[in-house]
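To start, the structure under review is shown below, and the notes come after it.
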Amino acid sequence: MPSGSAQTIRSRIVLDLDRCTGCRACGAACHVGHHEQTNLVPGIVADVAILPVHCRHCEQPACLAACPRAALYRDEHGFVRRSELLCIGCHSCAVACPFGVIPDEFKRHVAPKCDLCVDRVAAGGVPRCVATCTAGALSFVELQESAESPEYVGGRIRSRTILRRA
Amino acid sequence: MTTDAIAICPFCSMGCTWRLVRDAGTRYRAEAPVAALDYTARGGPNRGSLCGKGNMALELLTHPNRLETPLLRLAGESRAAGWDEALGHVVRRLGEIRARHGGRSVGLLLGSGASSEEAAAAARLARAIGTPHLDLCAPADHALTRGLELAGARPARVENVEQIDAMRAVLVVGDLFTLAPCAAKPVLDARYRDRRHTVAVLAPTRTRTAWFGRPFLRCDVNGEAAALAAMLALALERAQEPAPAWAAEARAALARWPLPDLARRSGVALERAAALAAALAGEGEAGVLLASEFGARARLDLVAALAAMLAEATGARFLAMLEGPNSAGVRAVLRAEGFPGADGHTMPELLEAVVRGDVKALLVFGSDPVAVSPGSLAARAMASAALTVVTAALPGPAVETAEVVLPAAVIGEKAGTVLPALGPSVAMAPVMPPPGWARPDLQVLAALAAALAPDGGAAGVRGGEEPLAARELFAELDLFLRAEGREEVAVEPGELQLLAEASATNAAEGLHTAQLSWARYAHPEARLTVSPALASALGVRAGDRVRVRSNWGQAELAVRLDAGLPEGVVTAPHRDPAVRGLLSWRREPMMRSLDLRPDRVHVEPLGEVGGA
Ligand code: SF4
Ligand code: SF4
Ligand code: SF4
């Protein structure tokens, strides 16, 4: 079990699949806000829809376990983060992540890794990708709410937009 | 975080606002006096969001390739020059050309990023020179705004996004979410707030907007005009009152086309068109939202005119979203000033006149006619003119050939008024100074106008055109529908229609966006989208390269598959330099605007050598 605790992350990013237009503004905001290191991977669904794939900041992160240099760590807020100085760009984390959220294309020889915009969240804001979303598809919601509320992801999937798109 | 300033986005006519803040997240950006975009600017229609292009607004202002010094290209050699020398050169050369060939041998084009004040200054300059040739340089916006002007329809404008939120029936024509992604939120709010709401999308392919259409009215390629005409005829039958002034003429003209015939030509079933016309005319707020992101589509002017008339006839609000941030403002000011005069050239006419040699000097302010228009006409015009002057912020094909290049300020660096698609005019304040010696075009236009005092002999510029009577407009529609009928018959075996791709790729290849990191991030390569059936007929798979040939040129493109494409249609991003060479444009004699209709192409797999 990695050090630190996931308890302190109170909110997570939720994508409403029914609203995302695939405009990639979220990725662009991430790119601009992290000195052109795009931490947000676009998931391409059968070449028809493009959906952002966010880091889950897992409780037992496979990327963290896979990193040979301890460049990945859990910070005091519970966010899984990566130290730019320690990262040697070995791709181990990208291979290990079960959600494929760490891009294969490395910038400046380090793995891009979503930090949940800790600078903004710590100051009481929302992550850049959420703030910029042009379709109201991304939201930053309390964990409890995101797990239970059928309003979010699950409910919308049931409306079968994704089936229609594919 | 400290707020430094609020600016308007320069990349489409939605008029989103953003602000500059110092932000620890970008502490490595040493070059910018202010460090990052904030997405939470209030007051704009975006309500806190910004699209991928908008996120790069700061990058345009701090771009490393920004032009900073005037350039003179004399005898094939280009060199930096001072402003006095460059402007002196322009004044001298214009004076010579005017003395030899008259004021009418000079033509002016104005980009869509010009402020309304700059449009007025351009009109003064044109008067000083004594030329009636002054127009907007933005092809799709040009066709669309001309259609709206000539229709003379006066539908109620959408004033703010809250009105879109509240609509219970919306018709979207064109790929609104690609052109102006920030418009998605209010439209989707309208759709999801109450699941009985109608958000219809009219398009021939499943565009990014069409995914959300409920219903999605898939029309034939070039079927938009016929579909809108059918809906208009149906709406006029339901006798709204007070009926628009043009209603009687329109009814008489549309009576020539039996409704089933119009429906057949559009590819949209009559019942579906009727249901939508009824929904628009029904109780509560409704809207017709038109986006100029059509690329290669026939007769955008007619589509725009009919969409505006449909809105007026059904009592729906109307919104015309344009590619240029101030295309609407530039056109409105030029029209009020009487440009292009009744005997003046519109943009496509002007480019043709330059190629013919009737117009000798071409002055382009804040645009690149070669980069923004399909086909080779603009490039030929730039090459044939005796004098070419371009003001530009970033390098581009016109900058590379112009005799005089003047570094320009962009929105965000200059003051002035902009008329966005939604709401009233916005007064822009500069958030930072232009780089190097770059200046706002307003100063250049004023300096040139002052130096080129009217020559006594120049004939006054005559006033602008009147709107067409509805009768004439529908005569155009008649001609168009008949011609389309003939063309259907004329397709040769193996011929495909090349449609402009309705994807963010287009957005990434606008005047400036192509040079921002957004373009590299979002769309590294132009691809030809084909249906799986066509791919298997050609024996190619996704990612393979094919050769595309038209009457005008050929290009090699990688293939992408889309099961939703209609038969006989392929799509590609029309502003990609390779694709641009495949396309042509026509000028419509009556509307005098561009017709960006799809070109016929042949596609063949590349042999072993090319495919390796
Ligand atoms: S939360 Fe921040 S770092 Fe993570 S994907 Fe969104 S913008 Fe990028
Ligand atoms: S910004 Fe929003 S709508 Fe656009 S791709 Fe990201 S999640 Fe989807
Ligand atoms: S929608 Fe238009 S105005 Fe808004 S951020 Fe995008 S390009 Fe800019």
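So here's what we get for this one:
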| read-out | value |
| --- | --- |
| Residue-averaged beta-carbon neighbours from other chains (10 angstrom radius) around B:45-51 | 6 |
| Debye-sum result for segment B:61-133 in log10 I(q)/I(0), which assumes one identical scatterer on each alpha carbon, at q = 0.16, 0.24 Å⁻¹ | -0.79, -1.18 |
| Cβ neighbours within 10 Å from other chains - mean over A:15-24 | 6 |
| Ranked order, B:Asp135, B:Asp562 - accessible area, probe 1.4 Å, largest first | B:Asp562, B:Asp135 |
| Zero-based 10 Å bins, Cα pair distances in the protein assembly as shown, whole percents | 3, 14, 23, 25, 20, 11, 4, 1, 0 |
| For the protein assembly as shown: lysine pairs under 29 Å (alpha-carbon distance), excluding those fewer than 8 apart on one chain | 5 |
| Summed residue charge, Cβ within 10 Å of B:Ser105's Cβ, Lys/Arg positive, Asp/Glu negative | +3 |
| Modelled FRET efficiency - R0 30 Å, B:Arg238 with B:Arg193, Cβ distances, 0.05 increments | 0.70 |
| Charge dipole magnitude, Cβ of K and R +1, D and E -1 - the protein assembly as shown, Cα centre, debye nearest 20 | 780 debye |
| B:Glu567 paired with B:Ser536, simple spin-label distance in nm, labels 7 Å along Cα-to-beta-carbon | 1.5 nm |
| Amide hydrogen neighbours beyond the local backbone of B:Asp38, cut-off 5 Å, H modeled | B:Arg19, B:Val21 |
| Angle between chain B longest axis and helix B:270-281 axis [Cα atoms, degrees, rounded to 10] | 60 degrees |
| Relative contact order for chain B, counting Cα pairs under 8 Å that sit 6 or more residues apart, in percent | 20 percent |
| Packing-based order for B:275-286, B:573-584, using average beta carbon neighbours within 10 Å, highest first | B:573-584, B:275-286 |
| Calculated FRET efficiency for the pair A:Ile44/A:Val118, C-beta based, R₀ 35 Å, to 0.05 | 0.80 |
| Tensor-based shape of segment B:300-449 (alpha-carbon gyration tensor, a/c under 1.5 rounded, otherwise prolate or oblate) | oblate |
| HN-Hα J in Hz across segment B:307-315 - Karplus 6.51, -1.76, 1.60, θ = phi - 60°, x for Gly and Pro | 5, 5, 5, 4, 4, 5, 5, 9, x |
| Hypothetical label at B:Thr69: residues of segment B:403-444 whose amide nitrogen lies under 17 Å (7 Å Cα-Cβ projection) | B:404-408, B:435-439 |
| Disulfide-incompatible cysteines by the Cβ rule (no partner under 4.7 Å) in chain B | B:Cys12, B:Cys51, B:Cys137, B:Cys182, B:Cys219 |
| Quotient of C-alpha Rg and 2.2 N^0.38 Å, computed over segment B:226-288 | 1.09 |
| Rounded to 10°, Cα long-axis angle of helix B:184-193 versus longest principal axis of chain B | 30 degrees |
| Segment B:518-603: GluC sites (Glu not before Pro) in DSSP loop, at most 16 other beta carbons within 10 Å | B:Glu525, B:Glu567 |
| Of the trypsin sites (Lys or Arg not before Pro) in segment B:150-255, those whose Cβ has at most 14 other Cβ within 10 Å and which sit in DSSP loop | B:Arg195, B:Arg196, B:Arg238 |
| Relative contact order (%) - segment B:157-321, alpha-carbon pairs under 8 angstrom, separation at least six | 31 percent |
| Those trypsin sites (Lys or Arg not before Pro) in segment B:255-344 that DSSP places in a loop and that have at most 15 other beta carbons within 10 Å | B:Arg256 |
| Pairwise label distance in nanometres, B:Trp437 with B:Ala80, each label 7 Å out on the Cα-Cβ vector | 0.8 nm |
| For chain B: rounded, prolate or oblate by the Cα gyration tensor [a/c cutoff 1.5] | rounded |
| Total accessible surface hidden between A and B, rounded to 100 Å², 1.4 Å probe | 3100 Å² |
| Mean residue ellipticity (222 nm) of the protein assembly as shown, computed from DSSP H runs ≥ 4 via -39,500 (n - 2.57), nearest 500 | -9500 deg cm²/dmol |
| Surface per residue (accessible, 1.4 Å probe) for segment B:157-321, Å² | 30 Å² |
| Peptide A:31-38, shielding by other chains (average Cβ, 10 Å cutoff) | 6 |
| Inter-label distance, nm, simple model (7 Å from Cα along the C-beta direction), B:Ala429/B:Arg587 | 4.4 nm |
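The values are calculated or read from the model by the stated rules, or taken from the named source; none is laboratory data. Just so it is clear, the model here is predicted, and its values are computed rather than measured. Neighbour counts are summed over all protein chains in view; Cβ atoms, including those assigned to glycine, are modelled from backbone coordinates with ideal geometry. All accessible areas refer to the heavy atoms of the entire protein, side chains included, with ligands and DNA or RNA removed. Shrake-Rupley method; radii C 1.70, N 1.55, O 1.52, S 1.80 Å.
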